[in-house]
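What follows is a short report on a single structure.
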Amino acid sequence: MGTLGAIWGISGVSLILIWAIVRLSRVALEGFTFSFAWYHWLSLTAIVLFMSYSEGYKGFQRHFSPRLAARARYLQENPTVMHVLLAPLFCAAFFHTTAKRKVVVYTLTIGIVILVMLVRRLDQPWRGIIDLGVVVGLAWGVVATLIECVKAFFSDVPTVSPELPVAVCDSANETL
């Protein structure tokens, strides 16, 4: 049951990210049907570089992906029916985590929803330019997540804390 939960958690989160990449790629490509001035190209370059670093590297590779992998490994080793059923939400730390992590996850989710609603109101090519940056960041995130999961399951000890509630297991929360 634990292995099934870990696979469900990793694949569920990955499929959500891939679905967003596919949807946003269409909009991003539509932006290229417009004539780009020099400032569009400059903005495109800046946004893609910014999103690669901030979303892809800092957000996913350094923080989200290692934690998701650690939580998936914890789920494999300590399955419960509820955690396995809701494995994508468990692995993404929406529940059964520290209070600080819950605040971060929910605040970030609300912020992303607000940004999505604002970007949807932009006209092309600006919406496509921003969406291309998001696509690059999300694609980086999917790759980072899969790499971190392979590392977590084929090493002896996870390299980051799964950030479980303190009452559950203090030793599982220690960062190595």
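Since every read-out is calculated from the coordinates, none of them should be taken as a lab result. On a predicted model such as this, the values are computed, not experimentally measured, just so you know.
Values computed for the structure shown
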quantity	calculated
Normalised convex hull volume, the chain, alpha-carbon set, Å³ per residue	106 Å³
Zero-based 5 Å bins, Cα pair distances in segment 1-84, whole percents	3, 13, 14, 17, 15, 11, 9, 7, 5, 4, 2, 0
Helical mean residue ellipticity (222 nm; -39500 (n - 2.57) per DSSP H run of 4+; nearest 500) of the chain	-22500 deg cm²/dmol
Distant alpha-carbon pairs in segment 61-105 (separation over 16 angstrom), percent	31 percent
